[in-house]
Amino acid sequence: MAPPVLQRAPRIGHLDLTTRQGCGGRNGLVLMAALYFALSLHCGAYNIRSITTQDHSGISIEICNPLSEEPRSGFLPLHLRIVNKTSKPHEWTLEAGVMGGSRLGYSVKIGAAAGEAREIDLHIPQASLAEGRTGAARLSGKVTGYGIERSDAAFFFGGSYSGAVDTAYVAMSHTLADKSWSAIGAEIKASAGTKSREELAQLRFASIGTSARGLLGSSVLLSEMPADARAFSGFAALWLSSADWNGLSSELRRAVREWVIDGGRLFVASERESEPMEGLLKKLKTGAPVAIGFGQVKLVSANDNVLPPKETADDILDLDSAPQPAASEDYTSKWSLLEKFEQPRLNAALIIAFVSLFAVVIGPCNLIWFAPRRSRHRLFFTVPAISLGSIAILFCAIAAGDGIGANGGRNVLACLPAGENRCSIQQEQASRSHLLVKRSFTAPEEASIAELPARNRTDSARTFERSGTELKGDWFHSRAFQAQTLRMALPTRAEVVLQSSSGTAPVLLSSAATALRDVFYCDAAGQLWHADEITPGRAASLAPSTDEAYNAWVSGVSARLSANMRATLSRVAHRPGCFYAQADATAEIPIETLRSVKWPSETIVYFGPCAPEEH
């Protein structure tokens with residue numbers, strides 16, 4: 001059976017429903033009630049959770065989920081609908097968390113003016129990556145504020161448990177899913193059953209003892225998805241028909257395009273051998289996929305919106321080895337960043353000496369010298385004073401022996417396509433912390449941040465908090481290893497353009513914020529060119545190079561990357577019309593997290609298509 005088709009009312013934005021008599025007037029209340037009733041009727045088949053409010057409070061709140069199944073990583077798009085029929089403005093707090101191996105606490109404050117109906121798109125981040133195992137995350141949360149019935153303030157969206165090793169999370173337009181989902185799921189179950197455990201181990205499932213597979217994903221009403229690439233970030237792939245694409249708004253087309261550049265795979269179903277893709281490509285033809293940024297687009301055959309089960313199942317199973325979205329298994333193999341730092345060790349001698357000395361001072365010494373028999377009341381002062389002094393001494397001892405702050409390394413792949421005015425960033429980092437005075441940090445709301453497996457982090461009860469740009473909790477710990485992956489797109493006008501290709505040597509001009517080092521360029525014929533450095537604003541003429549030199553450069557860079565980034569770099573390598581280079585850190589790249597961490601080891605790689613200067 002296909003996933004349920006999702007429907008919802010058109011967004012009404014920030015609509016002021018007050019009348020001249022004010023929202024307390026009879027006409028205003030009637031209009032408000034009629035509109036809300038119409039919205040509720042239209043949303044009958046939509047995944048909605050209504051928040052229980054107090055009688056006669058004048059407040060109506062609904063949480064809407066555009067997906068029938070939760071994605072395992074990235075952001076979960078939610079839609080919040082608030083109707084404030086009172087004569088005063090009010091504010092509410094939404095708290096949401098993904099329950100699983102790691103729990104993320106996310107909160108955001110939302111307000112509505114008097115007599116206002118608001119519809120707001122939210123993106124709930126996840127704190128961990130998808131894992132190659134059965135089961136699904138479960139989102140829970142609550143809304144608190146004026147008019148909320150405290151006894152029933154929670155809402156829940158649960159994932160299903162298939163009992164099989166799920167595929168990568170895929171999304172499909174409802175026009176395709178209605179006719180194809182069941183047949184594709186049956187084909188995946190049958191075809192995956194022929195794979196051996198060794199074959200599955202190559203596709204991230206080394207610890208799984210069965211080859212049974214289950215199709216994981218959701219039917220999507222594309223026109224109702226938020227026009228934001230984050231809403232698609234948990235998808236490994238998206239299937240839609242050419243008619244679906246033509247029916248999308250320009251804003252939603254741009255969001256899908258940005259998601260592809262960030263690493264998504266888009267499959268367009270059509271009965272024809274070529275399709276114009278306005279806002280994406282001039283023309284898309286059947287055959288080999290077209291690479292765009294970190295991702296790709298492929299035209300597939302479909303008859304009357306029915307996808308061929310065998311071919312589609314093969315495409316879905318091929319996503320097992322796709323680097324995006326990243327999976328926890330990508331970071332459990334050899335990774336140089338985790339091997340770069342020594343394991344934190346407990347100074348047992350210092351702890352024993354401190355505890356023994358503390359016991360002697362706070363006990364016998366305190367009772368004999370500081371608070372003798374006739375002055376026992378001094379204990380109310382001496383015990384706290386000794387305790388605070390001991391804490392200060394222990395803090396100084398640990399700081400002197402272990403140091404303050406942290407040392408780490410980070411790797412960045414940055415896609416800088418000319419003419420796009422954006423830079424797609426994939427970042428991974430690992431650090432060994434010493435004594436941390438502050439563990440909270442700030443990061444852009446648009447950044448996806450997930451914890452990575454670290455060799456000494458075996459505790460399962462970890463809590464991560466995120467509110468706006470502030471992050472707290474267990475992202476960083478004193479005297480511990482921690483690792484994170486970050487994904488984000490930055491608006492920028494930086495690019496590398498092909499200033500001249502006449503003659504024998506191409507000329508590149510860079511407007512990046514830093515010098516590009518060890519630059520390789522692959523021209524339209526596949527010939528490689530090289531320059532030692534290209535400084536911003538100064539054109540550089542390139543010299544001929546060889547495959548051997550380029551492959552040696554890729555091997556040297558890949559040695560510092562995780563399995564995920566190695567796979568990503570391999571997939572974008574040797575593209576005609578693209579440049580590849582290393583660079584130093586800038587104010588925006590890499591994405592900053594905890595300021596007390598020093599990063600002596602950094603690998604930053606830029607790549608992207610070079611457009612002619614007149615673009």
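The values are calculated or read from the model by the stated rules, or taken from the named source; none is laboratory data. Just so you know, these numbers come straight off a predicted model, no measurement behind them. Cβ coordinates were reconstructed from backbone atoms using ideal geometry, including for glycine residues, and neighbour counts include every protein chain displayed. The protein model used for the area step is the full one, side chains on, heavy atoms only, and it has no ligands, DNA or RNA in it. Shrake-Rupley method; radii C 1.70, N 1.55, O 1.52, S 1.80 Å.
For labels at ALA243 and ALA359 in the simple 7 Å Cα→Cβ model, what's the distance in nm?
Label-label distance for ALA243 and ALA359, simple model: 8.0 nm.
Compute the convex hull volume of the Cα atoms of segment 369-445, divide it by the residue count, and report the result per residue in Å³ as a whole number.
118
Mind giving me the FRET efficiency for ILE393 and ALA524? R0 is 60 Å, r the Cβ-Cβ distance, nearest 0.05 is fine.
It comes out at approximately 0.30.
Report for segment 213-288 the percent antiparallel among DSSP-assigned beta bridges with both residues inside it, nearest 5.
Taking every DSSP beta bridge within segment 213-288, about 40 percent pair in antiparallel fashion.
Express in nm, to one decimal, how much length is gained between SER191 and LYS310 on full extension, taking 0.36 nm for each residue of separation and deducting their alpha carbon distance. Each step should come with its number before you reach the end.
Numbers: separation 119, 0.36 × 119 = 42.84 nm, distance 0.85 nm.
Here the segment from SER191 to LYS310 would lengthen by 42.0 nm.
Given a Förster radius of 51 Å and the C-beta distance between VAL383 and ALA513 as r, what FRET efficiency does 1/(1 + (r/R0)^6) yield to the nearest 0.05?
Working: r = 57 Å, r/R0 = 1.11.
E(calc), rounded to 0.05, equals 0.35.
I need the shape label for segment 268-313. Rule: rounded when a/c is under 1.5, else prolate if a/b > b/c, else oblate, with a, b, c from the alpha carbon gyration tensor.
Values: a/c = 2.41, a/b = 1.43, b/c = 1.68.
Oblate.
Taking every pair of distinct Cα atoms and averaging 1/r, then inverting, what Kirkwood hydrodynamic radius in Å comes out for segment 504-557?
That comes to 11.6 Å for segment 504-557.
Between ALA227 and SER570, what is the label-to-label distance in nm when each label sits 7 Å out along the Cα-to-Cβ direction?
3.9
Starting from the Cα-Cα distance between ARG272 and ARG439, subtract it from 0.36 nm times their residue separation and give me the gain in nm to one decimal.
Values: separation 167, 0.36 × 167 = 60.12 nm, distance 5.57 nm.
Answer, rounded to one decimal: 54.5 nm.
Order of 431-442, 355-366 by packing, highest average Cβ count within 10 Å first? Walk me through the numbers before you get to the answer.
Numbers: 431-442: 17.1, 355-366: 13.5.
Order by mean packing, descending: 431-442, 355-366.
Find how much the distance from GLU592 to ASP178 grows on full extension, using 0.36 nm per residue of separation minus their present alpha carbon separation; answer in nm with one decimal.
144.7 nm
I'd like the antiparallel share, as a percent to the nearest 5, of DSSP beta bridges with both residues in segment 253-357. Let's see the in-between values first.
Values: 7 of 14 bridges.
In segment 253-357, approximately 50 percent of DSSP beta bridges are antiparallel ones.
Under a point spin-label approximation (7 Å from Cα along Cα-to-Cβ), what is the LEU367-LYS109 distance to one decimal in nm?
Distance between the two pseudo-spin positions: 5.2 nm.
Rank ILE391, ILE61 by accessible area, highest first, at a 1.4 Å probe radius? Display every interim value, and only then the final one.
Numbers: ILE391 110, ILE61 5 Å².
So the residues, ranked largest to smallest area, are ILE391, ILE61.
Take the Cβ-Cβ distance between HIS56 and THR93 as r, set R0 to 22 Å, and report the resulting FRET efficiency rounded to the nearest 0.05. Before the final figure, lay out the partial values.
Working: r = 22 Å, r/R0 = 1.01.
For HIS56 and THR93, the calculated efficiency is 0.50.
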